[in-house]
Amino acid sequence: MLAWTIYISFLGAALLMFLPGENPRPAKVAALLAALAGLACAAKGAIECHLHAGAGALTDVANANWIPELGIRYHLAADGISLVLVLLTGIAAVAGVLFSWNVENRSREFFALYLALIGGVYGVFLSVDLFLLFVFYEVAIIPKYFLIVIWGSTRREYGAMKLALYSFVGSAMVLVGLIAAYVMAGARTFDLAALAKVHFAPAFQNWAFIVVFVGFAILAGLWPFHTWAPTGHVAAPTAASMLLAGVVMKLGAYGALRVAMTLFPVGLHTWQNTIAVLAVVGIVYGALVALVQQDFKFVIGYSSVSHMGFVLLGLMTLTQIGLSGAVLQMFSHGIIAGLLFAVVGRMVYDRTHTRDLAVLQPKNLNQVLPFAAVTFVVGGAASMGLPGFSGFIAELQVLVGAWQTFPVFAVMAAVGILAGVAYTLRVLLKAFFAEGQVEAREPLHCPRISLPERAGALLLLGTTLLIGLCPQLLLDFITPSLNSPLMQPLWKAGTR
Amino acid sequence: MESIIQYLWLIPTAPLLAAGAGALLPRRRRRLSAGLAIGAISISFLLSCAAFWATLHSGRATSNFRWFDFGTTSVQMGWVLDPLGAIMAVMVALVSLLIFIYSLGYMAKDENFTRFFCFLALFAAAMLGLVIANSLLLFFMCWELVGLASYLLIGFWFQKPSAAAAAKKAFIVTRIGDLGFLVGMLWLYAKAGTHLFYDHGQGCLEPAAAGGLVASTAIALLIFCGAVGKSGQIPLHVWLPDAMEGPTPVSALIHAATMVAAGVFLIARVYPLMTPGALQVVTWVGALTAVFAASIAVAQSDIKRILAYSTVSQLGYMMMGLGAGGVAVGMFHLTTHAFFKALLFLGAGSVIHGCHEEQDIRKMGGLRLRLPVTFATYAVGMMALSGVPLFFSGFWSKDAILDALHHWRGSQVPFYLGLLGAFLTAFYMTRQVCRVFLGKPMTVEAEHAHESPPVMTVPLLILAALAVMVGFFGTPAWPWFQAYLDGGSAGFDLSKLMNEHQLPVMLLSTALVAAGIVWSGWIYGRASARPAREADPLEVAQPALFACVQKKFYVDEFYDATVVRLTTAFARFCDWLDRVVLGGLVRAVCWLALALARLDRNVDKSVVNEGFDIGTEAVRGAGQWVSRLQNGQVQRYLRVIGLAFCGLLILLLWGCA
């Protein structure tokens, strides 16, 4: 069932390419149906896996020979961690289509590329053959580039090129590491479970880990390799920035956990402190930079860097609760960042054609677009980690984990949360509630918030609230997977 | 007891549901929204009373449940019913109910009436949740939600730039304290392995906790940071006076009676964690805050700001009470203060309402005739706050604190600071009453002021009655309150009032209060006959000092110049780093790659390509030259063959030789 998430997305993309006519409506409807079908498959697959496997081990979805000469297989499987991210992808995909309902320019191509990107992302989360994973990883990069360069805004060529180059540098590093592991293991296989059993020499692990980890973590916004993220987010059209922050950054974090950390536990141990420092720097630094931005979208872009820092910090704690928090934060940030980008890009920018906070300030948007204002207030509350929303429970778990491993970093990360409150409130007041200069109001006539926008916002808000109140729903997937045989080397290295 | 604990969760849930429903109501359903909120808080109040009744007979009951688990550990939550929580729940629910009703009148003309009641209900839900929480984590969650509700309500009139800025400031400043709270919570969890307060001997507050938690002063102080932020203690007091930008019922409910007292309640709740060292800090911080804020209140002219500084000062007293005297002393002052301060704020709201939104006390005067009910109740509140002896609750609770300070082992300085604060309190309250109610009207608005409708004055009367009566539950002669919190019973013994421990302190504080009232009355009673524009008599006497106090000792300016500016500068530095250094690095790598590409192209063009061209040209030239040999003349072929043959022959012969 889960494999169909990939097939439906690619089939939808192909179908859209052959759709006749320039009428955007059939394209939108088809894309929405494909995204919904993907989400349904993901949900059904998740429930099935949850009912049958239970223990959190990898459950095969598809397994066939692909390039037998090299031992490469078409092998898809899922465990709790990948299921959480597959669900996230499904939700983000649906929301993204809803927030792209106003794309009129070459909408067939837009949605075809969009679905191709989604398909690639599903593929990465479900692959356990590392070569296959790498292929899907590359597949996801191409549509991203075109989505930004054709439908983007501010400095789109620059942003798209920067993003593509960063991604390719990362994947080149990953490829080097993977081939090295393949050769060193000498087992003629790219299978994750098989490679995880191999004990690589410590000296090899030390360099292979950092190459593969950084290769993936570039896409997760690891400081100081994060600068693609803000410019890319700003340049991208709404749906693309939602996906970029929502799922693409998770590809990096997922790869770092699934490949680098699982295969090279000894190397992980060597580099643990260094990467934790970078993660903490990213948390505080991203939040501070967000504090002084003039472009609304840059604020959210840098906040993504800050929030992804929590994911990386959680991974580096090497504690159960820290890792569980990291995975939960991936999900949570995917939802919340998607929501905030939707407000900025779709609700505000598409109507006012500006993201400059100084220009937005006198427009008195809370009167003009009350729904957008309320959505941003609630989304902002979720983003700053208020209890009741998913971000709180995720960041709390990361902090508890971090406290066990490196207490000082936990305190500094908490300072990052404080800065997060500051930039959220600042941008909230500037963009919607006109702090100062009330007289300079100018009447603004723009279309009301449409039904698809409302539906998308409610979907995302409902999800973050649901997980915030019942984190058990996702923890039931995550916790058993952390104890699965695949993850055992990690704990052994951690306790050493 | 067992039955009520099962329904305890309804106390916060009822207003939460009302808030949720209110959020979905359209703007014009004003009555429904208000009705839902008031109905819900009434339910909470009745349940709280039932819970209170239950605690009269038995000790503590808890009900815990698993929130989520990971691996082998699980995070539990729950609620607890004990005297401390029950008395707080009754107080919060009752004050909330009265203020909700009052708001019906005060906010009647506001276009966002529906939203206002939604926020109020959200606040009440979070506050009541905090009161019954049996887990530090749940406490923290409600604590944050209380902060959110406070943010929304301070910024309720966000059209006023000052209100929007005050809301932001309040949220961020309290969050600074919460940072310490959060870290303390993490530390406590790492040490105790649980966040539950009481868990059949396993909770973090119970001495029999697994392994016996080594109570650490650092943890206690970190948690106290949260209380400092929320309860407006030095140095995080700056947000509370600004919070007066919110509607007056909000100031009364949140920024006087309940939320700001949550910090005091927090310390009372986790009292077993408080080490003697931590309690020393609590006492000192409280003492400094009490005097510092009281002195600022002397020089303010905004009726609500005076009350706000008074609140800060009184919260300092509560902290002193907790630090020097224990839970009962601090909580008693919290309870009495909640009623009389709510009364004063609502009275101030009635004055503001009557004077057409005028808040400057210099522009009032003579209101005693125009607002008789407000004046009478306000006078009761003023006397309760000042600590006028015997008949007013503030006297008894403040006296308990001063008595505890007098017998405190640490130092006698907080005791003297407390006495000084008592004098200042009497002074500024008398000043305010003289300016507002006595003398002659200063402006046309004050001349035409009108009494508020009964929906506003009836809550005032009820609160005035409470401000008098609550005090009798904690007199030295009948210390029912203290006994109730400690789980004992109190007997009536008039002689305790007269013994040599209590009486001197009581007489001293009475004398100081009398001095404050008389002196202030003497100065301002005469001054109130003069025009509003004229400087304050104190300003005439001490202009430099007065200006400094009026500017609140320049604490805001100091923070702006240091913390705010440093943070902004550092943020700009990071931004610069990102744009210039990291961006530059990326661009440099790009340029390097491009330069390399250009170099490649040139090498390609000049060396590889050119070389290839030269090579092929040479081959072609050579071929051309060689092809000339094949010209079809048989004679030349034969000649060549012959020459070659000769050459070979010579070579062979030479070789043989």
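Throughout, read-outs are computed from the coordinates displayed, never taken from laboratory work. Treat the numbers as computed from the prediction; the structure is a model and nothing was measured. Cβ sites come from the backbone with ideal geometry, for glycine too, and all protein chains shown count toward neighbours.
Evaluated on the protein assembly as shown, the Kirkwood hydrodynamic radius is 32.7 Å, with distances taken between all distinct Cα atoms. Maximal additional length on extending the residue B:25-residue B:626 stretch stands at 206.3 nm, based on 0.36 nm per residue less the C-alpha distance. Inter-label distance, residue B:637 to residue B:492: 15.1 nm, where each label sits 7 Å from its Cα along the C-beta direction. Taking the range B:367-466, which chymotrypsin sites (Phe, Trp or Tyr not before Pro) meet the DSSP loop condition and have no more than 16 other C-beta atoms within 10 Å? Here the sparse-neighbourhood loop sites are B:391.
Here the range A:329-356 and the range B:329-404 have alpha carbon centers that stand 48 Å from each other. Close amide H contacts of residue B:135 (hydrogens built in the peptide plane, cut-off under 5 Å, sequence separation of 5 or more or a different chain): B:78, B:197. Exposed loop positions in chain B were taken to be GluC sites (Glu not before Pro) whose DSSP state is not H, G, I, E or B and which have at most 13 other beta-carbon atoms within 10 angstrom. Between these positions, the longest stretch is B:112-356.
Take each complete run of DSSP H in chain A, measure how far its Cα atoms stretch along the helix's own axis, and keep only those covering 24 Å or more with mean Kyte-Doolittle hydropathy at least 0.5; list them. Membrane-span-like by this rule: A:24-52, A:80-98, A:107-126, A:130-151, A:156-185, A:265-291, A:296-317, A:320-341, A:407-431, A:451-469. Can you give the FRET efficiency for residue B:356 and residue B:112, using 1/(1 + (r/R0)^6), R0 = 25 Å, r = Cβ-Cβ distance, to the nearest 0.05? The computed FRET efficiency comes out at 0.80.
The distance separating the Cα centre of the range B:218-259 from that of the range A:87-123 comes to 46 Å. Under the combined filter of DSSP loop state and at most 10 neighbouring Cβ atoms within 10 Å, the range B:406-470 retains these trypsin sites (Lys or Arg not before Pro): B:409. Which of rounded, prolate or oblate describes the range A:302-381 when judged by the alpha-carbon gyration tensor and an a/c cut-off of 1.5? It comes out prolate by the Cα gyration axes. Neighbouring Cβ atoms from other chains, within 10 Å of the Cβ of residues in A:459-471, number 1 on average. Taking a span of 30 Å or more along the helix axis (Cα atoms) and a mean Kyte-Doolittle hydropathy of at least -0.5 as the rule, the DSSP H helices of chain B that qualify are B:30-57, B:83-106, B:161-192, B:276-298, B:327-354, B:413-437, B:502-527, B:634-656.
Here each label is just a point 7 Å from Cα along the line to Cβ, and for residue B:648 and residue A:36 those points are 9.3 nm apart.
Look at the alpha carbon pairs under 8 Å that are at least 6 residues apart: their mean separation over the length of the range A:1-158 gives a relative contact order of 30 percent. Close amide H pairs (under 5 Å, H built 1.01 Å from N) link residue A:56 with no residue at least 5 positions away or on another chain. What does the helix-only formula give at 222 nm for the protein assembly as shown: each DSSP H stretch with n ≥ 4 adding -39500 (n - 2.57), the total divided by the residues, and the result rounded to the nearest 500 deg cm²/dmol? Roughly -23000 deg cm²/dmol at 222 nm, from the helical runs in the protein assembly as shown.
What FRET efficiency do you get for residue A:294 and residue B:570 if R0 is 22 Å and r is their Cβ-Cβ distance, rounded to the nearest 0.05? So, using R0 = 22 Å, E works out to roughly 0.80.
Exposure proxy for A:191, B:556, A:350: other Cβ atoms within 10 Å of each Cβ, ordered fewest to most, give B:556, A:350, A:191. Per-residue shielding of B:565-572, expressed as the average number of other chain Cβ atoms within 10 Å of the residue Cβ, stands at 4.
Measuring nothing but how far apart in sequence close Cα pairs (under 8 Å, 6+ apart) lie, relative to its length, chain B scores a relative contact order of 10 percent.
Here the range A:48-207 was treated as a single set of alpha-carbon atoms; its pair distances binned every 5 Å from 0 give 2, 8, 14, 16, 17, 15, 12, 8, 5, 2, 0, 0 percent. Normalising the average separation of contacting C-alpha pairs (under 8 angstrom, six or more residues apart) by the number of residues puts the relative contact order of chain A at 17 percent. Taking square-rooted eigenvalues a ≥ b ≥ c of the alpha carbon gyration tensor, is chain B rounded, prolate or oblate, where a/c under 1.5 means rounded and, failing that, a/b exceeding b/c means prolate? It is prolate, given that a/c is not under 1.5 and a/b is the larger ratio.
Computed over the range B:437-504, the P(r) tail beyond 19 angstrom holds 61 percent of alpha carbon pairs.
Where does the Debye-calculated log10 I(q)/I(0) of the range B:382-427 sit at q = 0.24 Å⁻¹, using only Cα point scatterers of equal weight, no solvent? Rounded to two decimals, the profile gives -0.80. From the mean inverse distance of alpha carbon pairs (Kirkwood) and the Cα radius of gyration, derive Rg over Rh for chain A. A ratio of 0.96.
Rounded if a/c is under 1.5, else prolate if a/b beats b/c, else oblate: with a ≥ b ≥ c from the C-alpha gyration tensor eigenvalues square-rooted, which is the range B:1-125? Oblate shape, in that a/c is at least 1.5 and b/c is the bigger or equal ratio.
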